[in-house]
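Read the structure below first, then the notes.
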Amino acid sequence: MTHYFSLKFPLHVAALAVGLLGGCASQPEVEPETPADQTVDPAVAPAEAEAPTEATTAEEAPPEAWSADLSKEQKAAFMKAKVVPAMAPLFQNADPEAYADFGCQTCHGPEGKLPKEYLPELTLKDGKLTAFAEDPDTAKFMAEHVTPTMAGVLGMPPYDPATHTGFGCGGCHSIAMQ
């Protein structure tokens, strides 16, 4: 069962989800991409994101902090240990039925794609995300709750349109320019 946002339109975000996302609500004028030096690349197949077992070695334990330099396995472990527990309650509180089984597939889909390849594409027109006009409740939820939480989990500041730095909508969503 895939949803985009059951708040108004379908939602399979999270996301990272995750996010799909930061700085969007308070600043509808958002940079379409997360800066290259802060790109989030959570390429995680759901099967690879299993929780560590008792046999897990220190090398396999989830990293304490996010870094683009983490291996695919470390990114998966970090997402499973840090991102899912932080993001699941946000989505489950917004739509308990749609997100009862919140997990890796929520943002990565059943095939374990990158969130930018799976989550809905956002549109930037005249310097503003059209989602704020098309579905203001969902856009506000993402901007006020999802993005700042995801930025915090990743140890990044939320997107700042003045400096074009930080974690924003482009961290999880592709953004089309019009």
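The values are calculated or read from the model by the stated rules, or taken from the named source; none is laboratory data. Nothing here was measured: the structure is a model prediction, and the numbers come from that model. We place every Cβ from the backbone using ideal geometry, glycine too, and count neighbours over all the protein chains shown.
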Cβ-Cβ below 8 Å, separation at least six or inter-chain, first residue in segment 120-135 and surrounded by fewer than 15 Cβ atoms within 10 Å (Cβ to Cβ), second at pLDDT 95 or above and part of a loop (DSSP other than H, G, I, E, B): which pairs? Glu121/His173; Glu121/Ser174
Test of understanding: among Phe141, Phe102, which residue is within 16 Å of the chain's Cα centre (by Cα), of a type outside the set (Ser, Thr, Tyr) and either in a loop (DSSP other than H, G, I, E, B) or more than 24 Å from Trp66 (Cβ to Cβ) (or both)? Phe102
Can you report the number of residues in segment 158-176 which are outside any loop (DSSP other than H, G, I, E, B) and closer than 16 Å to Pro120 by Cβ? 5
